[in-house]
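**Q** Before we start, here is the structure in question, set down as structure tokens.
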């Protein structure tokens with residue numbers, strides 16, 4: 001048996017002993033575990049380390065040291081079907097260097113936590129099995145501690161109704177919070193009803209979580225259920241003026257461009273109230289990068305200068321336009 005094959009089997013033995021289901025001690029997960037441990041074929045397990053590794057560097061390690069060449073489109077499979085499960089089982093920490101980093105950041109990284117490193121350093125000849133049993137006994141408290149740490153970095157958003165929701169950390173969701181706390185009081189007022197907020201921990205394509213979705217009110221306004229996945233990041237209804245504010249938060253996604261405007265108009269063609277399209281930016285630098293793509297007859301708001309708006313207007317300032 002080659003050293004590569006031996007290390008693969010040993011990694012699978014460890015993952016199985018740690019209590020992971022069969023799908024998480026397959027070859028792929030074992031390769032990932034070896035990369036996270038920084039264990040090469042001729043290394044001893046007592047040299048195990050816990051480097052901070054993005055998914056692409058994990059794949060590079062596996063390719064370079066174990067000859068397993070995962071294609072670039074395998075990155076999501078590794079992240080969703082191995083790393084997420086390792087994180088849930090408290091084998092790895094995500095973003096140990098910065099827990100507030102957004103889930104969809106290009107700088108996301110994974111690393112083994114301390115109890116796992118202690119197990120590896122005693123494998124295979126030491127008391128690693130006893131250490132695993134101790135790890136399992138402490139697992140619930142470890143999970144609770146990790147969850148509390150994640151909760152600490154979430155962004156609290158208090159809605160006009162008094163309800164509080166917590167968004168995943170990240171620049172994009174911070175802009176969501178700024179829209180609710182800064183834009184709405186200034187430009188919508190007390191009568192604003194928040195009908196939709198998407199938590200963009202992951203993009204809509206990746207099934208980003210809906211933090212607020214007032215389906216019944218949206219349907220009363222003529223917004224069909226089939227259009228909900230096409231809505232911008234934040235939707236607020238001004239009951240007094242009968243305006244529906246459709247607000248796109250721009251950090252990684254684009255503004256309300258002419259193409260986006262046409263898509264939204266088509267999705268909302270049965271809407272009974274006036275529609276006001278707003279693109280929100282965190283700062284003027286982000287606005288300048290996107291200015292050429294903003295549709296006419298829409299509005300722009302910049303969070304670091306919250307008292308003002310920029311009107312890409314045709315015949316009027318803030319408000320719905322004639323179609």
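The values are calculated or read from the model by the stated rules, or taken from the named source; none is laboratory data. In this text the structure is predicted, and so the values were computed from the model without any measurement. All Cβ positions, glycine included, derive from the backbone under ideal geometry; neighbour counts span all protein chains shown.
**Q** Of all residues in the range 91-105, count the ones that are touching a residue at least 40 places away in the same chain (Cβ under 8 Å) and surrounded by fewer than 20 Cβ atoms within 10 Å (Cβ to Cβ).
**A** Total meeting the criteria: 8.
**Q** Right, next: Of all the residues that make up the range 296-307, how many are over 14 Å from residue 178 (Cβ atoms) and either surrounded by fewer than 17 Cβ atoms within 10 Å (Cβ to Cβ) or over 27 Å from the mean Cα position of the chain (by Cα) (or both)?
**A** 3
**Q** Could you check the range 235-306 for strands (runs of 3 or more DSSP E) lying wholly inside it with 3 or more residues that are free of Cβ contacts under 8 Å to residues at least 12 places away in the same chain and touching a helix residue (DSSP H, G or I) at 6+ places or on another chain (Cβ under 6 Å)?
**A** Correct list: empty, since no element meets the threshold.
**Q** Just wondering, is there one or more residues in the range 171-181 that are out of contact with any strand residue (DSSP E or B) (no Cβ under 7 Å at 6 or more places or on another chain), modelled with pLDDT under 80 and in a helix (DSSP H, G or I)?
**A** Yes, that holds for at least one residue.
**Q** Restricting to the range 35-54, and then to whatever is touching a strand residue (DSSP E or B) at 6+ places or on another chain (Cβ under 9 Å) and buried (at least 20 other Cβ atoms within 10 Å of the Cβ), can you tell me which residue is nearest to residue 118 (Cα to Cα)?
**A** 48
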